[in-house]
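Take a look at the structure below.
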Amino acid sequence: ERERARSARSVRSALSAASPPALAMAPAAEPPTPPSTPSAASAELPKEAQAAAAAPHRRLLRPVAAAFAAVAGVTVLATNARRLQPSTAGASGAAVARDGQQARREGELARQLAEDTCVENGRWKNLPWVYLTYAERNAWGELGWSEQWWDLAWGGDSGSARTASGRCFGGTFLVGESGTDTCLVGEIMYSYDDCMVASRNYSASYPGDLFPLGKPVTDLQGTPGCNIQDRVGFQFNQAQITGRNQGYSPICKFNATLLGGCPATTTTTMAPLPGGIAFSNAIPRAVITCYQGLTRDQQDSVRLLGYTIDSWHRCMDPDWNPPTCPWPPGIPKPTDPCLDRMDYLDSKYNITEPWSDLSFRAKEAMVDLGWSASGTTWNNRDYPESYAKPFDGQPPPTGLSKNERDAATFLGYLADEWHGCEASSECIDRLARLEAKMKSWGSWRTMPSGIQLRLKDLGWTEQLWFDGEPPALYRNTWDQLTFPQRVAARLLGYTKDVWEGCEQSPCLVRYNYVLNKYAGLKWGGLTLAQQNSWTMLEQSQALWDAGGMMATRLFSMRWDELSPAQQRQAAFLGHSKGTWQGCNFDWGTSLNITITASDFGGPFRTVRVRMVIEAAFSSISGNVYGVAVSTMPTSFIELFERSVGRSLFCGNPDFKNYTNGAFGPDGEPVCKLPEDYERQRQRIRVVTVLEGSIIVDFIIVKNQTAEEPSSMYLYVGLKTQLESFASPLCQDVEFGRYARIAAVEEVPLSDLDPEERQRAMAFEQTRGKYGELNACELSMDARQGKVKCPVASSRSSTFPAAFLLALVVLLSALPESCHWPTV
């Protein structure tokens, strides 16, 4: 392409040296005579390229026209330059060259610089107006071009025939009238073989004018049988249904003897410019207007035609006396931060404004992206799912289709802005913007229906939105979300890193974010969920109003000294381990840590716990009249296991006071993560329930996968819950009254060393073979030998509590792959 451009400039330089500037038309110039053989510049686009004009905002790259220009560009330039020269008699080319040598040199240098830096103009050079697509003609027409001025300015081959209508070739073939599906002379050929013969004869008569016949097509809106797409080439349409066939001409076969010869061929010529008019004075005003001076529709036309703001200014032909254009105020440059560019697009296509305020071309692009043409989805802020697709990649579901990507590009989006600036901006900045946007949505009942629909997909309800409490789904990582959930999150403005809390953001950046988030905010300005979280961190309204966030009492503690629930609440409020400690990661690292006997077995061991409930044993045993009850009602054991399981595995809020009881929408005890609860509830196992108030010995079985919380983690969380009135366990509708007067401590499963424990377990295995019915077999009589035990079918075997405890010791030492048996 560079070589071709240099050759073209050489031709123009030679022509300029022999004549005045080409764009100065003579007043009495005779109409140029078209060449007898049509120029190769008459080649039109293939039909596939023309069909792409259905969407007005799409760009056409014209691969065929570009390939043709590579072959014949220099010849066309020379032809059109001659056509535009005035016929000044007696003027010496050498004299003209001497008179205008300096001006031509400066003009040529300017043109060379423009061509070397302006790719967009290369699409229009030497391209006649009739070759433009419908959308391109509309866009250039919006900018003030007409067919006559266009062909003169861009060197279009306007002097040759516009169509091949009326041409007779091969002695028996005739090109019919353009736009018809019948032949005034002869008949349309419905044989592909006959059409092939006609194509070959035309090529022999008019070499290089039209493309030869290709494979048959099926076009329900085109001329049937053998025809040509005007100024493009031959085609054979198998469809027999006629329709809109503008731009197509039938190929007619006639009897030369009966007709008496071929009809005359007519051509259309372009009249010269009126006398005394310089072409530079006839350039449309908009074409040499800076981008910021154009109307909104004209700016749309500029972008439709493939220009950017920079290239629109840069590509103005120096011969047209263009102005010097500064960058438009209020529009970010391509080198500005991505978030600034995205803010500009959000304001330009402000979804809070009515659909009717958009330009007609912007509406058409929006419809291509999935918005309804009536504007209903726009007014409801119901973003199409195309906004959740990647900008690049294969068509759905992986990426945008070509039409969608063209529409997004026309609107001003590139891949970076389309993806929410995820790759080129700080995650914390995007998180703060999203939080501000969500706050602007207002109350649940007044927010747009499209936004509410996406929030429901992520688990939000009216109560959760009012409290500011994220649904349990927010505990999942991005990859754990289902595809519809990720789509909903994308449409609301989430990216993967924002959804996961910007874990990779630098500590100081996050610290400033937290400071700005709560700076100047009163206690009453916090959501209920935020108030509850700060309360768990030993804040209060009095402390907050006196000293703000920095008055939090637990700031004197290291992150690792917080309970798991307190860490969760601090993270919900925006903190991390680093920001909690003022980005001092070395705080407390030199402290000695004492390992107690309860740590024996490692942090992922099974944990045995004792809960003491300060309540009368009779409240659970039914011993209301002082009569001892020999068996423990199973109802309390079941209630204990499911209630403690709910508090640890349901993901319920760490701090929330339910005024009407902690019930879910179904009327059952609230459980935000029912699947997690059902999967892990069996990890809570009651061993014994003893008197002395109510003493419950139970175990928390060790985790079986890395995703499950360890037993030690659960024990610490349970201990913390018993210290808070608004914890999930103390608010439990079944167990809350017991939890508020209870305390727990860890009871070591064994204080023996490993060898002693192995011997103890071996002994317990032997002893476990004997029970109440066969214990007598351990006795020996010197006279009778081994004592045989009587069989008592009416009695059932029972397992003492001591054996059950021994079984716990045994199972705690089993390998990781073993599962706790069902008791």
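The values are calculated or read from the model by the stated rules, or taken from the named source; none is laboratory data. Not measured: the values here are computed from a predicted model. Cβ: placed from backbone, ideal geometry, glycine included. Neighbour counts: every protein chain shown. In case anyone asks, the SASA skips ligands and DNA or RNA and just uses the protein heavy atoms, side chains included. Shrake-Rupley method; radii C 1.70, N 1.55, O 1.52, S 1.80 Å.
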Being open to solvent by less than 40 Å² (accessible area, probe 1.4 Å) and more than 13 Å from Pro250 (Cα to Cα), is that true of even one residue in region 216-230?
yes
Complete set of residues in region 309-319 that are farther than 12 Å from Asn121 by Cα and either β-branched (Val, Ile, Thr) or open to solvent by less than 10 Å² (accessible area, probe 1.4 Å) (or both):
Ile309
Report, by residue number, each residue of region 182-198 that is part of a loop (DSSP other than H, G, I, E, B) and surrounded by fewer than 18 Cβ atoms within 10 Å (Cβ to Cβ).
Thr182, Leu184, Val185, Tyr190, Ser191
Can you tell me which condition Pro326 does not meet? The list is (1) open to solvent by 60 Å² or more (accessible area, probe 1.4 Å); (2) part of a helix (DSSP H, G or I), and all the others hold.
(2)
List, please: which pairs have Cβ atoms under 8 Å, are six or more places apart or on different chains, and start with a residue in region 725-747 that is under 17 Å from Asn660 (Cβ atoms) and end with one that is aliphatic (A, V, I, L, M) and open to solvent by 20 Å² or more (accessible area, probe 1.4 Å)?
Cys730/Leu722; Glu734/Leu639
Whichever residue in region 368-410 is among the acidic types (Asp, Glu) and part of a loop (DSSP other than H, G, I, E, B) and, among such residues, is surrounded by the most Cβ atoms within 10 Å (Cβ to Cβ):
Asp382
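Matching residues to (1) at pLDDT 90 or above; (2) within 41 Å of the chain's Cα centre (by Cα):
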{"position": "Leu639", "(1), (2)": "no, no"}
{"position": "Gly645", "(1), (2)": "yes, yes"}
{"position": "Asn657", "(1), (2)": "no, yes"}
{"position": "Pro665", "(1), (2)": "no, yes"}
Looking only at region 345-366, count how many residues are touching a residue at least 40 places away in the same chain (Cβ under 8 Å) and either open to solvent by 70 Å² or more (accessible area, probe 1.4 Å) or outside any loop (DSSP other than H, G, I, E, B) (or both).
8
Residues within region 286-334 that are among the acidic types (Asp, Glu) and over 34 Å from the mean Cα position of the chain (by Cα), tallied
2
Is at least one residue of region 141-148 touching a Phe, Trp or Tyr at 6+ places or on another chain (Cβ under 8 Å), more than 30 Å from Ala204 (Cβ to Cβ), modelled with pLDDT of 75 or more and outside any loop (DSSP other than H, G, I, E, B)?
yes
For Ile251, the lone unmet condition from (1) modelled with pLDDT under 90; (2) open to solvent by less than 20 Å² (accessible area, probe 1.4 Å); (3) closer than 30 Å to Pro224 by Cβ is (1)
Any chance you could count how many residues in region 678-705 are farther than 15 Å from Leu718 by Cβ and without any contact (Cβ under 8 Å) to a residue 60 or more places away in the chain?
4
Just to confirm my filter: which helices (runs of 4 or more DSSP H) fall fully inside region 411-530 and include at least 3 residues that are surrounded by fewer than 17 Cβ atoms within 10 Å (Cβ to Cβ), touching a residue at least 12 places away in the same chain (Cβ under 8 Å) and over 19 Å from the mean Cα position of the chain (by Cα)?
507-518
